[in-house]
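Here's the structure we're looking at; comments come further down.
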Amino acid sequence: MILPCRILRARIRVGSLPLGLLFVASFLALQSGRTWAQGTGSTFERVGVGWLPGIPIQITAGGDAGYDDNVTLQPSGEGSIFTRENVVLTYARPGERTQFFVEGVGRFSQYFDVSGLNETSGNVTMSLTHNFSSRLSFYASVYGTYQNQPNFQSNVGPQNVVSPFIDTVDLFALTYHWSSRLSLVTSYTFERVQYLSSSNGNSQNGFQNTLSQNRSQNTFSEKFQFSLTSRTVLVSEYRYETINYDTAPNDSTTHFMLGGVNHNLTEHLIVHLLAGESFRSLENAGDSALPNFEGRLEYARSNYSLNWVASYGFESPTTGDARTTKALRTGLNLTCNLTSRLSSTTGVYYHHDENQGSASSGTGSAGSQDSLDLLLGLNYTLNKRLALHVNYNYTSQSSVAGTPGYSRNSYSGGLTYTY
(Lines give C-alpha, C1' and ligand atoms only; values in the text may rest on other atoms or scores of the structure.)
Protein backbone atom coordinates (compact mmCIF):
# COMPACT_ATOMS: atom_id res chain seq x y z
CA MET A 1 0.00 0.00 0.00
CA ILE A 2 1.34 3.40 -0.94
CA LEU A 3 0.74 6.21 1.48
CA PRO A 4 1.14 9.38 -0.51
CA CYS A 5 3.29 11.82 0.39
CA ARG A 6 1.36 14.74 1.23
CA ILE A 7 1.91 18.70 1.05
CA LEU A 8 -0.04 20.42 3.93
CA ARG A 9 -0.96 23.98 4.59
CA ALA A 10 -8.06 28.62 11.99
CA ARG A 11 -7.26 31.87 11.27
CA ILE A 12 -5.30 34.77 12.78
CA ARG A 13 -5.56 38.48 12.16
CA VAL A 14 -2.43 40.32 10.98
CA GLY A 15 -3.24 43.20 13.21
CA SER A 16 -3.00 40.97 16.27
CA LEU A 17 0.68 40.14 15.61
CA PRO A 18 3.24 42.43 17.23
CA LEU A 19 5.37 44.37 14.78
CA GLY A 20 8.50 42.75 16.17
CA LEU A 21 7.13 39.25 15.46
CA LEU A 22 6.37 40.18 11.88
CA PHE A 23 9.87 41.59 11.46
CA VAL A 24 11.52 38.45 12.77
CA ALA A 25 9.15 36.10 10.92
CA SER A 26 9.88 37.75 7.58
CA PHE A 27 13.46 36.45 7.88
CA LEU A 28 12.50 32.86 8.69
CA ALA A 29 10.86 30.09 6.60
CA LEU A 30 9.97 26.44 6.85
CA GLN A 31 12.41 23.90 5.47
CA SER A 32 10.72 20.68 6.53
CA GLY A 33 13.02 18.50 4.45
CA ARG A 34 16.19 19.80 6.15
CA THR A 35 18.58 17.08 7.32
CA TRP A 36 18.96 16.62 11.05
CA ALA A 37 22.01 18.55 12.28
CA GLN A 38 24.56 16.11 13.64
CA GLY A 39 26.30 16.72 16.97
CA THR A 40 26.85 15.40 20.45
CA GLY A 41 24.27 15.86 23.17
CA SER A 42 20.74 17.19 22.95
CA THR A 43 19.61 20.50 21.53
CA PHE A 44 19.33 21.88 25.07
CA GLU A 45 22.85 20.79 25.93
CA ARG A 46 24.29 22.42 22.80
CA VAL A 47 22.80 25.79 23.79
CA GLY A 48 24.09 25.50 27.33
CA VAL A 49 21.00 24.31 29.22
CA GLY A 50 22.86 21.33 30.67
CA TRP A 51 20.43 20.58 33.50
CA LEU A 52 17.80 19.33 31.03
CA PRO A 53 17.99 15.65 30.02
CA GLY A 54 19.62 14.60 26.75
CA ILE A 55 16.59 14.76 24.47
CA PRO A 56 17.21 14.55 20.67
CA ILE A 57 14.98 17.51 19.75
CA GLN A 58 15.40 19.86 16.81
CA ILE A 59 13.43 23.08 16.37
CA THR A 60 13.22 24.92 13.05
CA ALA A 61 11.51 28.30 12.92
CA GLY A 62 10.80 30.21 9.76
CA GLY A 63 8.68 32.57 7.78
CA ASP A 64 8.33 33.76 4.21
CA ALA A 65 6.52 36.39 2.18
CA GLY A 66 5.13 36.32 -1.35
CA TYR A 67 2.24 36.79 -3.72
CA ASP A 68 -0.66 34.44 -4.60
CA ASP A 69 -2.68 35.36 -7.71
CA ASN A 70 -5.75 33.21 -6.87
CA VAL A 71 -6.38 32.88 -3.16
CA THR A 72 -10.08 32.01 -3.58
CA LEU A 73 -9.49 29.19 -6.17
CA GLN A 74 -12.01 30.61 -8.67
CA PRO A 75 -11.83 31.11 -12.47
CA SER A 76 -11.29 34.84 -11.91
CA GLY A 77 -9.89 34.60 -8.42
CA GLU A 78 -8.52 37.37 -6.23
CA GLY A 79 -4.78 37.81 -5.70
CA SER A 80 -3.06 38.84 -2.49
CA ILE A 81 0.31 39.50 -0.87
CA PHE A 82 0.85 37.09 2.02
CA THR A 83 3.20 36.31 4.89
CA ARG A 84 3.60 32.95 6.57
CA GLU A 85 5.28 31.88 9.81
CA ASN A 86 6.26 28.28 10.56
CA VAL A 87 7.53 26.22 13.46
CA VAL A 88 8.75 22.59 13.15
CA LEU A 89 9.54 20.40 16.15
CA THR A 90 11.30 17.09 15.49
CA TYR A 91 12.11 14.29 17.92
CA ALA A 92 14.01 11.17 16.86
CA ARG A 93 15.11 8.31 19.10
CA PRO A 94 16.89 5.49 17.24
CA GLY A 95 17.53 2.14 18.88
CA GLU A 96 18.14 -1.51 18.18
CA ARG A 97 14.81 -2.76 19.54
CA THR A 98 12.65 0.38 19.48
CA GLN A 99 12.82 3.35 17.13
CA PHE A 100 10.58 6.38 17.57
CA PHE A 101 10.13 9.54 15.49
CA VAL A 102 7.72 12.46 15.76
CA GLU A 103 7.45 15.72 13.83
CA GLY A 104 4.99 18.54 14.50
CA VAL A 105 4.42 21.48 12.15
CA GLY A 106 2.55 24.71 12.89
CA ARG A 107 1.84 27.27 10.19
CA PHE A 108 0.24 30.73 10.36
CA SER A 109 -0.71 32.56 7.13
CA GLN A 110 -1.97 36.10 6.59
CA TYR A 111 -3.45 37.42 3.32
CA PHE A 112 -3.43 41.21 3.17
CA ASP A 113 -5.72 41.85 0.17
CA VAL A 114 -8.47 39.25 0.72
CA SER A 115 -10.43 39.14 3.97
CA GLY A 116 -11.54 36.00 5.77
CA LEU A 117 -8.83 33.66 4.44
CA ASN A 118 -6.11 33.97 7.09
CA GLU A 119 -5.39 30.53 8.45
CA THR A 120 -3.73 28.51 11.16
CA SER A 121 -2.83 24.97 10.14
CA GLY A 122 -0.69 22.15 11.40
CA ASN A 123 0.14 18.47 11.19
CA VAL A 124 1.75 15.74 13.29
CA THR A 125 3.63 12.67 12.02
CA MET A 126 4.68 9.84 14.32
CA SER A 127 6.27 6.45 13.65
CA LEU A 128 7.26 3.59 15.95
CA THR A 129 9.16 0.40 15.19
CA HIS A 130 9.66 -2.31 17.83
CA ASN A 131 11.43 -5.63 17.35
CA PHE A 132 10.00 -8.20 19.75
CA SER A 133 12.43 -10.81 18.47
CA SER A 134 14.45 -11.68 15.39
CA ARG A 135 11.22 -12.99 13.81
CA LEU A 136 8.46 -10.65 15.06
CA SER A 137 8.31 -6.85 14.70
CA PHE A 138 5.67 -4.14 15.05
CA TYR A 139 5.32 -0.90 13.10
CA ALA A 140 2.95 2.02 13.65
CA SER A 141 2.57 5.23 11.67
CA VAL A 142 0.16 7.98 12.77
CA TYR A 143 -0.50 11.11 10.73
CA GLY A 144 -2.96 13.91 11.39
CA THR A 145 -3.51 17.34 9.86
CA TYR A 146 -5.74 20.37 10.23
CA GLN A 147 -5.78 22.73 7.24
CA ASN A 148 -7.88 24.93 4.94
CA GLN A 149 -6.11 24.45 1.62
CA PRO A 150 -6.89 21.48 -0.68
CA ASN A 151 -4.49 18.56 -0.98
CA PHE A 152 -3.34 17.51 -4.46
CA GLN A 153 -1.41 14.44 -3.33
CA SER A 154 -4.26 12.41 -1.82
CA ASN A 155 -7.96 11.68 -2.12
CA VAL A 156 -9.19 13.89 0.75
CA GLY A 157 -11.83 16.16 -0.80
CA PRO A 158 -12.57 18.73 -3.54
CA GLN A 159 -9.54 20.66 -4.73
CA ASN A 160 -11.30 23.91 -5.56
CA VAL A 161 -12.58 24.50 -2.04
CA VAL A 162 -10.95 26.53 0.75
CA SER A 163 -12.58 25.06 3.85
CA PRO A 164 -11.16 23.79 7.19
CA PHE A 165 -10.90 20.02 7.55
CA ILE A 166 -9.21 17.31 9.61
CA ASP A 167 -7.58 14.26 8.03
CA THR A 168 -5.84 11.39 9.79
CA VAL A 169 -4.21 8.24 8.35
CA ASP A 170 -3.05 5.63 10.90
CA LEU A 171 -1.27 2.38 10.02
CA PHE A 172 -0.50 -0.55 12.36
CA ALA A 173 1.39 -3.60 11.11
CA LEU A 174 2.85 -6.86 12.47
CA THR A 175 5.58 -8.65 10.51
CA TYR A 176 6.49 -12.29 11.18
CA HIS A 177 9.42 -13.99 9.43
CA TRP A 178 8.53 -17.64 8.95
CA SER A 179 12.00 -18.27 7.50
CA SER A 180 14.89 -16.34 6.04
CA ARG A 181 12.93 -16.05 2.78
CA LEU A 182 9.24 -15.94 3.72
CA SER A 183 7.47 -13.30 5.84
CA LEU A 184 3.86 -12.36 6.61
CA VAL A 185 2.67 -8.78 7.17
CA THR A 186 -0.72 -8.22 8.84
CA SER A 187 -1.85 -4.59 8.86
CA TYR A 188 -4.77 -2.30 9.64
CA THR A 189 -5.19 1.24 8.29
CA PHE A 190 -7.70 3.78 9.54
CA GLU A 191 -8.48 7.09 7.80
CA ARG A 192 -10.90 9.80 8.87
CA VAL A 193 -11.84 12.87 6.79
CA GLN A 194 -13.94 15.53 8.48
CA TYR A 195 -14.80 18.98 7.16
CA LEU A 196 -15.74 21.48 9.84
CA SER A 197 -17.85 23.82 7.67
CA SER A 198 -20.88 22.83 5.57
CA SER A 199 -20.33 25.50 2.89
CA ASN A 200 -17.34 26.99 1.13
CA GLY A 201 -19.21 30.22 0.43
CA ASN A 202 -19.38 29.79 -3.35
CA SER A 203 -22.68 28.94 -5.01
CA GLN A 204 -21.15 28.12 -8.41
CA ASN A 205 -18.87 25.21 -7.79
CA GLY A 206 -21.29 22.46 -6.77
CA PHE A 207 -19.75 21.76 -3.35
CA GLN A 208 -22.23 23.62 -1.18
CA ASN A 209 -22.18 20.87 1.45
CA THR A 210 -18.59 19.86 2.14
CA LEU A 211 -19.90 17.82 5.09
CA SER A 212 -20.92 15.20 2.50
CA GLN A 213 -17.19 14.37 2.25
CA ASN A 214 -17.00 13.32 5.92
CA ARG A 215 -16.19 9.62 6.10
CA SER A 216 -14.30 6.86 7.88
CA GLN A 217 -12.23 4.28 6.02
CA ASN A 218 -10.96 0.95 7.40
CA THR A 219 -8.56 -1.31 5.51
CA PHE A 220 -7.36 -4.78 6.59
CA SER A 221 -4.46 -6.41 4.75
CA GLU A 222 -2.60 -9.72 4.63
CA LYS A 223 0.65 -9.68 2.67
CA PHE A 224 3.08 -12.51 1.89
CA GLN A 225 6.66 -11.62 0.91
CA PHE A 226 9.07 -14.16 -0.56
CA SER A 227 12.75 -13.33 -1.13
CA LEU A 228 13.43 -14.94 -4.48
CA THR A 229 17.00 -13.61 -4.59
CA SER A 230 19.03 -11.08 -2.61
CA ARG A 231 17.70 -8.39 -4.98
CA THR A 232 14.13 -9.58 -5.70
CA VAL A 233 11.13 -9.98 -3.38
CA LEU A 234 7.82 -11.40 -4.63
CA VAL A 235 4.65 -9.99 -3.03
CA SER A 236 1.08 -11.33 -2.76
CA GLU A 237 -1.55 -9.26 -0.94
CA TYR A 238 -5.26 -9.33 -0.07
CA ARG A 239 -7.07 -6.22 1.22
CA TYR A 240 -10.56 -5.65 2.54
CA GLU A 241 -11.72 -2.02 2.68
CA THR A 242 -14.88 -0.41 4.07
CA ILE A 243 -15.87 3.26 3.58
CA ASN A 244 -18.68 4.75 5.66
CA TYR A 245 -19.97 8.28 5.03
CA ASP A 246 -21.65 10.41 7.68
CA THR A 247 -24.40 11.63 5.31
CA ALA A 248 -23.65 10.86 1.64
CA PRO A 249 -25.16 7.63 0.16
CA ASN A 250 -21.74 6.31 -0.94
CA ASP A 251 -20.95 3.59 1.61
CA SER A 252 -18.97 0.76 0.03
CA THR A 253 -16.90 -2.38 0.59
CA THR A 254 -13.97 -3.33 -1.66
CA HIS A 255 -11.88 -6.49 -2.05
CA PHE A 256 -8.36 -6.30 -3.55
CA MET A 257 -6.41 -9.25 -4.97
CA LEU A 258 -2.87 -8.07 -5.73
CA GLY A 259 0.54 -9.40 -6.68
CA GLY A 260 3.85 -7.73 -7.41
CA VAL A 261 7.59 -7.45 -6.98
CA ASN A 262 10.18 -5.33 -5.17
CA HIS A 263 13.41 -5.34 -7.14
CA ASN A 264 16.79 -3.64 -6.77
CA LEU A 265 17.70 -2.98 -10.38
CA THR A 266 21.03 -1.45 -9.35
CA GLU A 267 22.71 -0.36 -6.14
CA HIS A 268 20.92 2.98 -6.38
CA LEU A 269 17.63 2.11 -8.15
CA ILE A 270 14.70 0.27 -6.48
CA VAL A 271 11.36 -0.54 -8.15
CA HIS A 272 8.13 -1.51 -6.34
CA LEU A 273 5.22 -2.83 -8.43
CA LEU A 274 1.84 -4.13 -7.24
CA ALA A 275 -1.12 -4.88 -9.52
CA GLY A 276 -4.32 -6.90 -9.60
CA GLU A 277 -8.10 -6.57 -9.50
CA SER A 278 -10.43 -4.72 -7.12
CA PHE A 279 -14.14 -5.47 -6.59
CA ARG A 280 -16.31 -2.70 -5.13
CA SER A 281 -19.85 -3.02 -3.83
CA LEU A 282 -21.83 0.21 -3.31
CA GLU A 283 -24.62 0.17 -0.75
CA ASN A 284 -27.40 1.12 -3.20
CA ALA A 285 -25.71 1.14 -6.62
CA GLY A 286 -24.55 -2.42 -7.38
CA ASP A 287 -21.13 -3.97 -7.88
CA SER A 288 -18.22 -3.10 -10.17
CA ALA A 289 -14.68 -4.31 -10.83
CA LEU A 290 -11.58 -2.36 -11.82
CA PRO A 291 -7.87 -3.15 -12.34
CA ASN A 292 -5.71 -1.77 -9.53
CA PHE A 293 -2.09 -0.66 -9.90
CA GLU A 294 0.49 0.84 -7.54
CA GLY A 295 4.09 1.59 -8.45
CA ARG A 296 7.05 3.39 -6.94
CA LEU A 297 10.57 4.07 -8.17
CA GLU A 298 13.39 5.28 -5.91
CA TYR A 299 16.77 6.45 -7.16
CA ALA A 300 19.41 7.98 -4.89
CA ARG A 301 22.99 9.13 -5.41
CA SER A 302 25.29 11.28 -3.34
CA ASN A 303 24.15 14.57 -4.89
CA TYR A 304 20.56 13.91 -5.97
CA SER A 305 17.53 11.73 -5.33
CA LEU A 306 14.43 10.87 -7.34
CA ASN A 307 11.13 9.42 -6.15
CA TRP A 308 8.29 8.60 -8.54
CA VAL A 309 4.90 7.14 -7.62
CA ALA A 310 1.87 6.11 -9.68
CA SER A 311 -1.48 4.48 -8.93
CA TYR A 312 -4.76 3.60 -10.63
CA GLY A 313 -7.97 2.38 -9.03
CA PHE A 314 -11.16 3.26 -7.16
CA GLU A 315 -11.26 6.44 -5.07
CA SER A 316 -13.87 8.28 -3.02
CA PRO A 317 -15.73 10.77 -5.28
CA THR A 318 -15.19 14.49 -4.68
CA THR A 319 -17.81 15.83 -7.11
CA GLY A 320 -21.43 16.28 -6.11
CA ASP A 321 -23.02 13.97 -8.75
CA ALA A 322 -20.60 11.03 -8.62
CA ARG A 323 -21.04 7.68 -6.88
CA THR A 324 -17.78 6.11 -8.12
CA THR A 325 -14.46 7.64 -9.16
CA LYS A 326 -11.71 5.88 -11.12
CA ALA A 327 -8.48 7.81 -10.62
CA LEU A 328 -5.02 7.79 -12.20
CA ARG A 329 -2.41 9.49 -10.01
CA THR A 330 1.28 10.11 -10.58
CA GLY A 331 3.86 12.23 -8.82
CA LEU A 332 7.58 12.92 -8.99
CA ASN A 333 10.02 14.48 -6.50
CA LEU A 334 13.56 15.40 -7.54
CA THR A 335 16.15 16.89 -5.19
CA CYS A 336 19.56 17.99 -6.49
CA ASN A 337 22.59 19.31 -4.62
CA LEU A 338 23.87 21.75 -7.23
CA THR A 339 26.80 22.85 -5.05
CA SER A 340 27.83 22.32 -1.43
CA ARG A 341 25.49 25.17 -0.45
CA LEU A 342 22.87 25.36 -3.22
CA SER A 343 20.15 22.73 -3.76
CA SER A 344 17.00 22.54 -5.86
CA THR A 345 13.66 20.76 -5.42
CA THR A 346 11.14 19.86 -8.11
CA GLY A 347 7.75 18.29 -7.40
CA VAL A 348 5.08 17.43 -9.99
CA TYR A 349 1.74 15.77 -9.19
CA TYR A 350 -1.00 14.96 -11.70
CA HIS A 351 -4.23 13.03 -11.48
CA HIS A 352 -7.11 12.25 -13.81
CA ASP A 353 -10.56 11.36 -12.43
CA GLU A 354 -13.35 9.51 -14.25
CA ASN A 355 -16.58 10.07 -12.30
CA GLN A 356 -19.46 7.66 -12.79
CA GLY A 357 -23.09 7.63 -11.62
CA SER A 358 -25.26 10.38 -10.20
CA ALA A 359 -26.42 10.42 -6.62
CA SER A 360 -30.07 10.34 -7.76
CA SER A 361 -30.02 7.61 -10.40
CA GLY A 362 -26.81 5.71 -9.70
CA THR A 363 -26.06 5.53 -13.45
CA GLY A 364 -24.50 7.64 -16.14
CA SER A 365 -21.32 9.72 -16.26
CA ALA A 366 -20.52 12.71 -14.07
CA GLY A 367 -17.58 13.73 -16.29
CA SER A 368 -13.80 13.66 -16.04
CA GLN A 369 -11.39 16.07 -14.39
CA ASP A 370 -7.65 16.76 -14.55
CA SER A 371 -5.56 18.32 -11.78
CA LEU A 372 -1.91 19.44 -11.78
CA ASP A 373 0.38 20.67 -9.01
CA LEU A 374 3.94 21.90 -9.72
CA LEU A 375 6.50 23.06 -7.17
CA LEU A 376 9.95 24.51 -7.93
CA GLY A 377 12.33 25.57 -5.18
CA LEU A 378 15.89 26.71 -4.58
CA ASN A 379 17.60 26.57 -1.18
CA TYR A 380 20.89 28.24 -0.23
CA THR A 381 22.63 27.30 3.03
CA LEU A 382 24.35 30.27 4.65
CA ASN A 383 25.69 28.24 7.60
CA LYS A 384 24.76 25.14 9.60
CA ARG A 385 21.74 26.92 11.14
CA LEU A 386 20.63 29.55 8.63
CA ALA A 387 19.35 29.06 5.07
CA LEU A 388 17.29 31.02 2.55
CA HIS A 389 14.94 29.79 -0.14
CA VAL A 390 12.68 30.85 -3.00
CA ASN A 391 9.66 28.83 -4.21
CA TYR A 392 7.22 28.83 -7.10
CA ASN A 393 3.97 26.82 -6.98
CA TYR A 394 1.50 26.34 -9.86
CA THR A 395 -1.81 24.50 -9.51
CA SER A 396 -4.68 24.00 -11.94
CA GLN A 397 -7.89 22.02 -12.18
CA SER A 398 -10.18 21.52 -15.16
CA SER A 399 -13.95 22.03 -15.04
CA VAL A 400 -16.36 19.12 -14.50
CA ALA A 401 -20.17 18.79 -14.46
CA GLY A 402 -20.82 22.53 -14.30
CA THR A 403 -18.04 23.13 -11.79
CA PRO A 404 -15.60 25.72 -13.22
CA GLY A 405 -11.87 25.08 -13.29
CA TYR A 406 -9.13 27.42 -12.14
CA SER A 407 -5.38 28.05 -12.16
CA ARG A 408 -3.15 29.48 -9.43
CA ASN A 409 0.40 30.86 -9.21
CA SER A 410 2.20 31.46 -5.93
CA TYR A 411 5.63 33.05 -5.45
CA SER A 412 7.47 33.20 -2.11
CA GLY A 413 10.84 33.53 -0.46
CA GLY A 414 12.32 33.66 3.02
CA LEU A 415 14.76 32.23 5.54
CA THR A 416 14.92 29.33 8.03
CA TYR A 417 16.78 29.03 11.32
CA THR A 418 17.44 25.73 13.09
CA TYR A 419 18.05 25.76 16.85
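Summary of values
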quantity: Residue count, the stretch 84-107 (criterion: open to solvent by 30 Å² or more (accessible area, probe 1.4 Å) and among the β-branched types (V, I, T)); calculated: 3
quantity: Matching option when the condition is surrounded by fewer than 16 Cβ atoms within 10 Å (Cβ to Cβ) and in contact with a strand residue (DSSP E or B) (Cβ under 9 Å, 6 or more places away or on another chain), among L382, L388; calculated: L382
quantity: Single unsatisfied condition, F224 versus (1) closer than 30 Å to S76 by Cβ; (2) aromatic (F, W, Y); (3) open to solvent by 40 Å² or more (accessible area, probe 1.4 Å); calculated: (1)
quantity: Considering residues of the stretch 328-362 that are modelled with pLDDT under 95 and open to solvent by less than 40 Å² (accessible area, probe 1.4 Å) only, the residue farthest from S305 (Cα to Cα); calculated: G362
quantity: Any hit, the stretch 149-160, residues being open to solvent by 40 Å² or more (accessible area, probe 1.4 Å) and at pLDDT below 95; calculated: no
quantity: Residue match in the stretch 108-119 (condition: surrounded by fewer than 20 Cβ atoms within 10 Å (Cβ to Cβ), assigned to a strand (DSSP E or B) and of a type in the set (G, A, S)); calculated: no
quantity: Conditions (1) among the polar types (S, T, N, Q); (2) assigned to a strand (DSSP E or B); (3) in contact with a Ser or Thr (Cβ under 7 Å, 6 or more places away or on another chain); number of the one not met by N155; calculated: (2)
quantity: Answer from L338, L332 - the residue that is in contact with a Phe, Trp or Tyr (Cβ under 8 Å, 6 or more places away or on another chain) and over 16 Å from S368 (Cβ atoms); calculated: L332
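The values are calculated or read from the model by the stated rules, or taken from the named source; none is laboratory data. Quick caveat: nothing in here was measured; it's all calculated off a predicted structure. So basically every Cβ, Gly included, is an ideal-geometry build from the backbone, and we count neighbours across all protein chains shown. Just so you know, the surface numbers come from the protein's heavy atoms only, side chains and all, with ligands and any DNA or RNA stripped out. Shrake-Rupley method; radii C 1.70, N 1.55, O 1.52, S 1.80 Å.
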